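Accompanying notes for the structure given below.
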Amino acid sequence: MNPNDFQVHDVADFPLVRLMPEGLPEGYAARWEAEMEALIGQPAPFVMVVAALQGEHREAHEDRKRRTLWMKRNRDALARRCRGMVGVEPDTTRRLMMRTQSAALAGLFKVPLRIVASAGEADALARAFLDGHGVDRD
């Protein structure tokens, strides 16, 4: 997998695929979809790690809608390749709220989704997902 072919996802540490939501410009969803197609189309399993937001970041409605629809359409293919998604949220209150929201999404998209406090925890959990362990961390 050539990291230069990816603009939205950082695949330099594949099978950990990193997403930095703050750097995503409005209208990024088409590129995100193409990169996700490439990720689910290759044979190796991977884990998505989503970095913590620094401050307030508002994703454009159309981008969020496109991502959600893509995930619904591709949930089986995504589940075959993606072993899990790990989000980072250092703020305890926001992390607990996100964990509640993520429980519903994980069932809908067939991919385990966990929210942790730090990038180090995220990397450790991502590697556990790759090893076949999806232990929840509180």
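Applying the condition of being assigned to a helix (DSSP H, G or I) and buried (at least 17 other Cβ atoms within 10 Å of the Cβ) to the stretch 36-54 and asking which residue is farthest from the chain's Cα centre (by Cα) yields 39.
Is it fair to say residue 30 is over 14 Å from the mean Cα position of the chain (by Cα) and closer than 25 Å to residue 14 by Cα? Yes; evaluated as a whole, the condition is true for this residue. Is it fair to say residue 60 is surrounded by 13 or more Cβ atoms within 10 Å (Cβ to Cβ), touching a residue at least 60 places away in the same chain (Cβ under 8 Å) and over 21 Å from residue 108 (Cα atoms)? Considered against the rule, which asks whether it is surrounded by 13 or more Cβ atoms within 10 Å (Cβ to Cβ), touching a residue at least 60 places away in the same chain (Cβ under 8 Å) and over 21 Å from residue 108 (Cα atoms), residue 60 comes out as no. Picking from residues in the stretch 95-138 that are modelled with pLDDT of 75 or more and of a type in the set (Lys, Arg), the one that is surrounded by the most Cβ atoms within 10 Å (Cβ to Cβ) is 114.
Screening 21, 45, 25 for residues that are in contact with a strand residue (DSSP E or B) (Cβ under 7 Å, 6 or more places away or on another chain), farther than 19 Å from residue 116 by Cα and not aliphatic (A, V, I, L, M) leaves exactly one candidate, 45. The requirement of being in contact with a helix residue (DSSP H, G or I) (Cβ under 7 Å, 6 or more places away or on another chain), farther than 19 Å from residue 131 by Cβ, charged (D, E, K, R) and assigned to a helix (DSSP H, G or I) is not satisfied by residue 94. Whenever a residue of the stretch 12-29 is closer than 16 Å to residue 120 by Cα, its partners that are of a type in the set (Val, Ile, Thr) and assigned to a loop (DSSP other than H, G, I, E, B), lying with C-beta atoms within less than 6 angstrom and at least six residues away or across chains, give the pairs 17/11. Residue 23 passes every criterion in (1) exposed (fewer than 15 other Cβ atoms within 10 Å of the Cβ); (2) of a type outside the set (Asp, Glu); (3) modelled with pLDDT of 90 or more apart from (3).
The values are calculated or read from the model by the stated rules, or taken from the named source; none is laboratory data. Note that this is a predicted model, so its numbers are computed, not measured. No Cβ is skipped: glycine too gets one built from the backbone with ideal geometry, and neighbour counts run over all protein chains shown.
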